[in-house]
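Step one of this worksheet: look at the structure below.
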Amino acid sequence: MFIMKRIKLWGVVLFSMVAYLAVSCAVEVDEKTEDIQERIFNAFIRTNGWENAERLGDSTYIVERSGTGTGTNPSDSMYGFVRYTAQYTTGDYAAYNYDSIAKQLGTYEESSIYEPFVWPIRTGDVSDPLCDILKNMKPGEKTLSVVAPWTNTTNSTYAFTSTSAPIVYSIELLKVVPDIQEYEYEQLQQFSNKYFEGMDSLSQGFYFKKIHASEYADTIADGNAIRVKYVGRLLNGRVFDTNIEDTAKKYDLYNPMEEYNSMSVIYNVDPETIEKEEDLVLGFCKALTSGGMTYGDKCFVFFVSDLGYGGNGNLENGSGIPPYCPISFEVWIEEYEKA
């Protein structure tokens, strides 16, 4: 809530900064871009009275803390589960992963993902300032921080960054895990215990259950085209993709511009060949080739992110799969049709 209270203030701040810089720039017309950015940033800090806030290096201030943090601060190479907002100095949102904010702004869509994101606490994935902020937080704590633009160069898969203006981040650190792969294995086993009576994985990080077996006895030959229907879900049950029209309508994913037809796949007994040739995630391909799947069969699979969208995820305009996210699929191979 403290973010919302500052929106009107930032508008005044921006006006003051523009006036200040108009005078300054008239004197120093040859000033470098980096110097101008630094003066804008420092003016923003001064105008808000944040000079005495917690300073992390030359480019980051933690200006407010809330919540009760517990445990120890995360360290390098750990993984933080984060909810966050990124706002310009005007108060406009640049990015967020709260459904409540999307509903407030009127931008909520069922196809968008409003889940905590996993941020690797290491340089190259998340920018140095954001790593520093996380390492100065404890799980359960929330911070309001300001980051200078000249340090905001990084992989934007995990968090919005800007190279032209200061960004105000509200970061809520929900939990920290030392090993994301082990955490995913635990999540999948818990899912199996809850819904499949503790079924064992078919291979490491991959669970398979045939939920309908057809009467068709023959296996599928390599090179044959098969027709496939599917429903993709997060482990919390949220549907993120399907090529079944009724399912798309049921979960508010329906797009009248799309054709909801079975997907054609050239079968191969080697799932990695299907992955390469069809540009599908490996876990989906393993669903087609596991357990003697043949025409008319239906299965349910769930698997680690390494077999899905990995540490980069598959996000576009807020829709898709976040990084380090295990997923599941229901998969149907349609009945064999004789030529």
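The values are calculated or read from the model by the stated rules, or taken from the named source; none is laboratory data. Every value quoted in this text rests on a predicted model; they were computed, and no experiment measured them. Every residue, glycine as well, gets a Cβ built from its backbone with ideal geometry; the counts of neighbours run over all protein chains shown.
Below is a table of values for the structure above.
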quantity: The stretch 98-138, residues that are charged (D, E, K, R) and either modelled with pLDDT of 90 or more or in a loop (DSSP other than H, G, I, E, B) (or both); calculated: ASP99, LYS103, GLU109, GLU110, GLU115, ARG122, ASP125, ASP132, LYS135, LYS138
quantity: Residue that is among the aliphatic types (A, V, I, L, M) and either free of Cβ contacts under 8 Å to residues at least 60 places away in the same chain or within 15 Å of GLU334 (Cβ to Cβ) (or both), where the choices are LEU253, LEU282; calculated: LEU282
quantity: Criterion: surrounded by 14 or more Cβ atoms within 10 Å (Cβ to Cβ), within 27 Å of PHE196 (Cα to Cα) and free of Cβ contacts under 8 Å to residues at least 24 places away in the same chain - qualifying residue of THR247, THR273, THR294; calculated: THR247
quantity: Extreme residue, farthest from the chain's Cα centre (by Cα), among residues of the stretch 274-285 that are assigned to a helix (DSSP H, G or I) and under 17 Å from LYS229 (Cβ atoms); calculated: ILE274
quantity: Residue list for the stretch 34-49, restricted to those being buried (at least 17 other Cβ atoms within 10 Å of the Cβ) and in a loop (DSSP other than H, G, I, E, B); calculated: ASN48
quantity: Selection status of GLY91, touching a residue at least 40 places away in the same chain (Cβ under 8 Å) and surrounded by fewer than 17 Cβ atoms within 10 Å (Cβ to Cβ); calculated: no
quantity: Boolean, PRO178 is closer than 25 Å to ILE327 by Cβ and either among the polar types (S, T, N, Q) or surrounded by fewer than 16 Cβ atoms within 10 Å (Cβ to Cβ) (or both); calculated: yes
